[in-house]
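To start, the structure under review is shown below, and the notes come after it.
The values are calculated or read from the model by the stated rules, or taken from the named source; none is laboratory data. Here the structure is a predicted model, which is why all the values come from computation and not from measurement. In this analysis, Cβ positions are derived from the backbone assuming ideal geometry, glycine residues included, and neighbour counts consider all displayed protein chains. These area figures cover heavy atoms from the full protein model, side chains too; ligands, DNA and RNA do not enter into them. Shrake-Rupley method; radii C 1.70, N 1.55, O 1.52, S 1.80 Å.
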Amino acid sequence: SFGIMEGDKIGLIGINGTGKTTLLKLIAGIEVPDEGRIIKTNNINIEFLPQNPDFSKDATVIEQVFKGSSTNLKIVRDYEAAIMKPNTPKEEIIRLSQLMDSVGGWELEAEAKNILTKLGINDFDAIVNNLSGGQKKRVALASALINPSDLLILDEPTNHLDNETIDWLEDYLEKRKGALLMITHDRYFLDRVVNQIIELDGGNIYSYKGNYSYFVEKKSEREESIIATELKRQNLYRRELAWMRQGAQARSTKQKARIQRFESLEDS
């Protein structure tokens, strides 16, 4: 059980196969849990970047970026589509331009193109399906960043990015408002961006209020504590086993309790 609050920037940690990506999909609403509950506030907007994004057939880069369902994005998408068609009536262009004015569409469009450029995508009218795998992932990342969301979920966002672009993304996420939940194998990126680590380990969740370096330190302390506790248990078991072998008899309440404690140790 855990919660995500506004302003949380969370890195999800765990070895391969522990269910990290599945957990992200459950929170994003892409998959349904077999048991348990995911409770969300009303009207919350969640944006999810999967490891292997799907793309609309024949969509251009700019169309893919503005794929969201919000009114603002729909207006920008309609405007971009209209100006791409040579036979669009002038009245329709004017109408859409006025709508762009009313919803801040020009700023949204400019921000999207700036993000794409920062991510190394300069041909906004290119067909996404014609791009390389790395370029497609960058387009999907731009779409996730530009779509307004209360919770941004990113699965391996630094894949296919060079160091300069990773530095830009780090700065962008640090300044971004709203909550962030992500998986990444880039430990340096985690260290600089997140303020909380959630570790999936053996079907359990462990939460650490700090960056990756803090997590490493505290996990080491937790594991040392577990080892120390287990050593104490084993030493106690050996002592009680020796006592039992001496022929312990449950003649008193104290002896009965000690035998029961030994049986509990043996079962643990």
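Cα centroid separation, region 137-172 to region 1-65: 14 Å.
Using the alpha-carbon atoms, what tilt in degrees (0 to 90, nearest 10) does helix 212-245 show relative to the longest principal axis of the chain? Taking the Cα atoms of the chain, the angle to 212-245 is about 20 degrees.
The listed peptides 125-133, 3-11, 180-188, 142-150, ordered by packing as a protection proxy, come out as 142-150, 180-188, 3-11, 125-133 (highest mean of other Cβ atoms within 10 Å first). Excluding ligands, DNA and RNA, the accessible surface per residue across the chain is 59 Å² with a 1.4 Å probe. Mean residue ellipticity at 222 nm, helices only, the chain: -16500 deg cm²/dmol; runs of at least 4 DSSP H residues each add -39,500 (n - 2.57), and the sum is divided by the number of residues. With respect to the chain, whose longest principal axis is taken over its alpha-carbon atoms, helix 90-103 is tilted by about 40°.
The Cβ shell under 14 Å around residue 187 holds other residues with a net charge of -4, Lys and Arg each +1, Asp and Glu each -1. Cross-link partners of residue 20 among aspartates and glutamates, defined as those whose alpha carbon lies under 19 angstrom from its own and excluding same-chain residues fewer than eight positions apart: 8, 31, 34, 35, 47, 155, 156, 186, 191, 199, 201. Using 1/(1 + (r/R0)^6) with R0 = 22 angstrom and r between the beta carbons of residue 94 and residue 177, what's the FRET efficiency to the nearest 0.05? For R0 = 22 Å, the calculated efficiency reads 0.05.
Based on alpha-carbon atoms only, what is the radius of gyration of the chain relative to the globular estimate 2.2 N^0.38 Å?
Details: Rg = 26.9 Å, N = 268, 2.2 N^0.38 = 18.4 Å.
In units of the 2.2 N^0.38 Å rule of thumb, it is 1.46.
Counting only DSSP beta bridges whose two residues both lie in the chain, roughly 25 percent are antiparallel.
Calculate, for residue 242 and residue 192, the FRET efficiency according to 1/(1 + (r/R0)^6) with r their C-beta to C-beta distance and R0 51 Å; round to the nearest 0.05.
0.40
In terms of the Cα gyration tensor, with a ≥ b ≥ c the square roots of its eigenvalues, is region 1-78 rounded because a/c is under 1.5, prolate because a/b exceeds b/c, or oblate? Because a/c hits 1.5 or more and a/b exceeds b/c, region 1-78 counts as prolate. For region 165-228, the fraction of alpha-carbon pairs lying more than 14 Å apart is 62 percent, rounded to a whole number. Between residue 154 and 49, 181, 182, 183, the built amide H atoms are under 5 Å apart, and every one of these is 5 or more places off in sequence or on another chain.
To put it simply, the accessible area of region 1-152 at a 1.4 Å probe is 47 percent carbon and sulfur.
For the pair residue 22 and residue 167, the difference between a 0.36 nm per residue extended length and the Cα-Cα distance amounts to 49.4 nm. Which pairs in the list 25/209; 113/209; 136/177 are over 32 Å apart, alpha-carbon to alpha-carbon? In this structure, 113/209 lie more than 32 Å apart at Cα. Model label sites at residue 130 and residue 1, defined 7 Å from Cα along the beta-carbon direction, differ in position by 5.4 nm.
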